Amino acid sequence: MATAEIMLRYAGGGAAPATWGANLLGWSCLAFDDTTPEAAYYMGVVPDNYASGPVLTVYYSMASANTSDKLDLEASVMAVTPDDAADIDTASFDAVNAANEVVPDTAGHMSELDITLANADSAAAGDMIFIKLERDADDETNDTATGDAEVRGVVLRYTTT
């Protein structure tokens, strides 16, 4: 078996959205606050060669310099099968998946954080998936980094058939 990936598309911010930001070159990002939990939603279609093992890779940088501080991100998955009886207007996300890591010491340096999606709402090939990404800013143990976490891109990696 091999692995593959798809870039997920930003789908909105919900009730407590992350805010739009940009770097010095004007490249956009979503800025997740360091004191208030904020969210963003991403979406995509699970490819036909999807087998298992989904991992969400979040590409980010920090707006402020940090030394040995951590960032904690959470991801929840909602999978909807075409012609399913599920109501697309009702949020029915699976349990939260979380991961944290020590952030780069220098502001603006890119890193990637992998979140294993053990709770993936039984996603299968052909499903439309929605992913809620949230910074766990009120977790004083696992999210100690100061300044906004600037999310640049979100990728779904998986094992192929």
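The values are calculated or read from the model by the stated rules, or taken from the named source; none is laboratory data. Remember, predicted model here, so these are calculated numbers, not experimental data. Please note: Cβ atoms are built from the backbone with ideal geometry, for glycine as well, and neighbour counts cover all protein chains shown.
Tabulated values for the structure
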{"read-out": "Among residues of the range 16-58, those that are of a type in the set (Gly, Ala, Ser), under 20 Å from residue 100 (Cβ atoms) and assigned to a strand (DSSP E or B), counted", "value": "3"}
{"read-out": "Filter result (aliphatic (A, V, I, L, M), over 14 Å from residue 58 (Cβ atoms) and surrounded by 11 or more Cβ atoms within 10 Å (Cβ to Cβ)) within the range 7-35", "value": "11, 16, 22"}
{"read-out": "Counted residues, the range 120-142 - those being farther than 15 Å from residue 158 by Cβ and without any contact (Cβ under 8 Å) to a residue 60 or more places away in the chain", "value": "2"}
{"read-out": "Criterion (surrounded by fewer than 17 Cβ atoms within 10 Å (Cβ to Cβ) and under 21 Å from residue 10 (Cβ atoms)) met by exactly one of 89, 127, 138, 94", "value": "89"}
{"read-out": "Qualifying residue in the range 1-15 (condition: closer than 19 Å to residue 139 by Cβ, modelled with pLDDT of 90 or more and of a type in the set (Gly, Ala, Ser))", "value": "no"}
{"read-out": "Residues of the range 47-59 classified as touching a Ser or Thr at 6+ places or on another chain (Cβ under 6 Å) and surrounded by 22 or more Cβ atoms within 10 Å (Cβ to Cβ), total", "value": "0"}
{"read-out": "Candidate set from the range 106-122 (those that are more than 20 Å from residue 65 (Cα to Cα) and under 16 Å from the mean Cα position of the chain (by Cα)); member that is surrounded by the most Cβ atoms within 10 Å (Cβ to Cβ)", "value": "120"}
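Each row is one residue, and each column tells you yes or no for (1) modelled with pLDDT under 95; (2) in a loop (DSSP other than H, G, I, E, B); (3) on the phi < 0 side of the Ramachandran plot.
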position: 72; (1), (2), (3): no, no, yes
position: 79; (1), (2), (3): no, no, yes
position: 82; (1), (2), (3): yes, yes, yes
position: 98; (1), (2), (3): no, no, yes
position: 106; (1), (2), (3): no, yes, yes
